[in-house]
Amino acid sequence: MESSQNVDIDARKQAFDDYVNQIIIVDLEIQKEAVRNLIQRFKDEHDSEVGHILIDNFPLELLGEMEFMGLMGTLMEGFQDIELYFFDVFNFICQDRNLISQSKIRPFIELFTQFIKHRDTKSGYDPETLLKSLIMCISHEQNKIILIHENAMFNFYYHFRLPMINLEPKFWILCQSLYDIKPSNIGFLSRLKLTDSLSQIMTRLSISKGENGAMVLFNVLRMIHRNRLLEDIKFDIDQLFDITKAIFYRHSTKLYHPPYMKYVSKIWTNLFNIYNNSFEINSFEQLIVFAGIFSIDLSSKLREVAKGSDCFELNKNKRTRLYIIHLALVVYRMIRYLPERGLHGLLIRLHWSFKKYFKNVSIDNFPIETQFLILQYYIKSLITLNLKIVKPDIRLITNIFQRLQTYPQFKLHSIFIYSHLLFRISDHSKFIKSYFPSGLEKPKKVLTDLITALTDETYIDKLKKEQSLLLYEDVKTNHLSMICEGFLGDLFVACETDMFYGCNNHTPIVIDYEEYKMFKQVLILIIRAFNESNHLVKTMTDYYMTVFDAYSKYFSPTSSDRDKTRSVSLLTLLSTGSAHTHSWYDLPIHVLLSWFRLIYELKFIFGDINNKLLNFPFH
């Protein structure tokens, strides 16, 4: 055994001596052969000493030749041979964990980035072997900086021109690891280099829609975003949207989405907050794309939370995403007629993700403001997508609504919530039975609640002083500043027009009862006033209450003839004041309430309290 060990030691020493003796000969072919022999002899031993001997004595003439060929590329004869040769050297160096942390391998990493910049080569090298070497290489943080500055992942992908179906998981892991920089090393990143890298990637993706190219792009942007460099890096944000749009259309109808899609959502949410990269949402297509991208992200997050692997916090960025999706739901009837390519399915999936989240996680510990905003979106989604309302939905709505009732400042908010549901849920449901009387008393309660809310002094005072409704104070400035005001106005005009023509398809629920007709007429007057001025004046509310009282006395079996005579005169006055020449007043109350909701969304959520519907049919 001892004799065998001595033989191995002698053979090892001889191999080292042969390498050192041959590389001093000024002949490139001899030097190349010497390097090749040493690598071939020790490629399976992972011996640090061998790597150090190779690098410390590497022939400068050969290194210079490879650098020249790497610079010139396919313009030089023999480029492919020298490229394959260099990749063997690079792989051998990177298999040694001790060696890759040495600064002396930097020239070889830089040379690697130079070779893979060439696009017109038909490399016969196995990219999987190089991926393994790169994963080993970036275990040393300083090596990451070199590869990032030279856009190595992007160049690697396009150098080998492979679909990389089997290599994609490794490529994804490498991208994530490479662009995950420690905070202590951020100072080494060149803003100029990063700007140039983004320009290269985005220019290429504008021509070729490569999936792994998109993966690289959003990993780079994620790194820039996480390290608070977005404001320092200049790039064409319109070009980025075009790339994002292509990615969205490519994946919107798929069941599973690539991991980098969650980065797309986060990056855009933060870009909206940066002023030097100004971008406005000013078209239906842009709204569809962002609503879809954000739906994918929130669905993924909610599923993770439902599994118990994470927690859900409705922070500023998530609220921004939710409001943009909500806006898409507001105009959903118009979007349906566009080639929206999958948004419907994504909205359905998001709704079911919320439903699963509610099933597994309680939101009772959330602040009432957060509970309301979640419920506001959930009900909007439920009704707009025409989904079936089931018992768990009723239970959730009832629990949150019960809490809302204890907050006087949420009177109008509560009406906005229940106006979606009042005529969609059975009178026997827990929600309706708990809070609303049956029969004609139900619409009467709606009107009474609405009058009370719109005449509340605290509500009116806040509107006058702060020009906003509670819970929505920062929506326009902090969450929807990217929505073009002109486009927003066009959206609500489109909604008005759609509702105007859509109303003709509705059939009244109750047509025979005079009391029901009176409720509708009063509701129209209230909605008209709400559209014009946000609140009701006391003289109007006194009048409405008098009308209610008149009806009650008129239909009461115990009322006197004198009371009935006075009631008839009041009812005649109401009828005269509400004379109409078309069928708008024949619409059922639940349709009229849809106009109230649209005005509410225009004034308080998406627009300004002074906004109003310009084509309101009840003038």
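Laboratory data are not the source of any read-out in this text; all were calculated from the coordinates shown. It should be emphasised that the depicted structure is a prediction, and the values quoted were computed from it without experimental measurement. Cβ coordinates were reconstructed from backbone atoms using ideal geometry, including for glycine residues, and neighbour counts include every protein chain displayed.
Okay, here's what the table says:
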quantity	calculated
Normalised contact order of the chain, rounded percent, pairs of Cα under 8 Å and 6 or more residues apart	9
Unsatisfied cross-links (Cα-Cα over 20 Å) in the set 411/442; 442/517; 13/43; 318/465	318/465
Helix 168-178 vs. the chain, principal-axis angle (Cα, 0 to 90°, nearest 10)	90
Lysines with Cα under 16 Å of residue 170, excluding same-chain neighbours fewer than 8 positions away	132
Per-peptide average of other Cβ atoms within 10 Å, ordering 297-305, 352-360 highest first	297-305, 352-360
Approximate spin-label separation residue 387-residue 110, in nm, with each point projected 7 Å along Cα-to-Cβ	5.7
Difference of contour (0.36 nm per residue) and Cα-Cα distance, residue 406 to residue 279	41.6 nm
Tilt relative to the chain, helix 441-454 - C-alpha long axis, 0 to 90 degrees, to 10	70
Exposure proxy ranking, count of Cβ atoms within 10 Å, fewest first, for 118, 52	52, 118
Most positive-pole-ward Cα, 208, 593, 606, against dipole of the chain from beta carbon charges	593
Computed FRET value (nearest 0.05) for residue 303 with residue 49, which takes r as the C-beta separation and R₀ as 35 Å	0.10
Residues 388, 234, 266 arranged by fewest to most Cβ contacts within 10 Å	388, 234, 266
43, 182, 132 arranged by Cβ crowding within 10 Å, fewest neighbours leading	182, 43, 132
Packing rank of 61-71, 8-18, 249-259, where each peptide gets the mean count of other beta carbons within 10 Å, highest leading	61-71, 249-259, 8-18
0 to 90° range, to nearest 10: angle between helix 343-360 axis and the chain longest Cα axis	80
Given charges at Cβ of Lys, Arg, Asp, Glu: region 9-180 dipole, positive-most of 82, 179, 160	179
Global geometry of region 49-171, whether rounded, prolate or oblate, following the gyration tensor of its Cα atoms and the 1.5 cut on a/c	oblate
Burial order of peptide ranges 102-109, 595-602 (average beta-carbon count within 10 Å, highest first)	595-602, 102-109
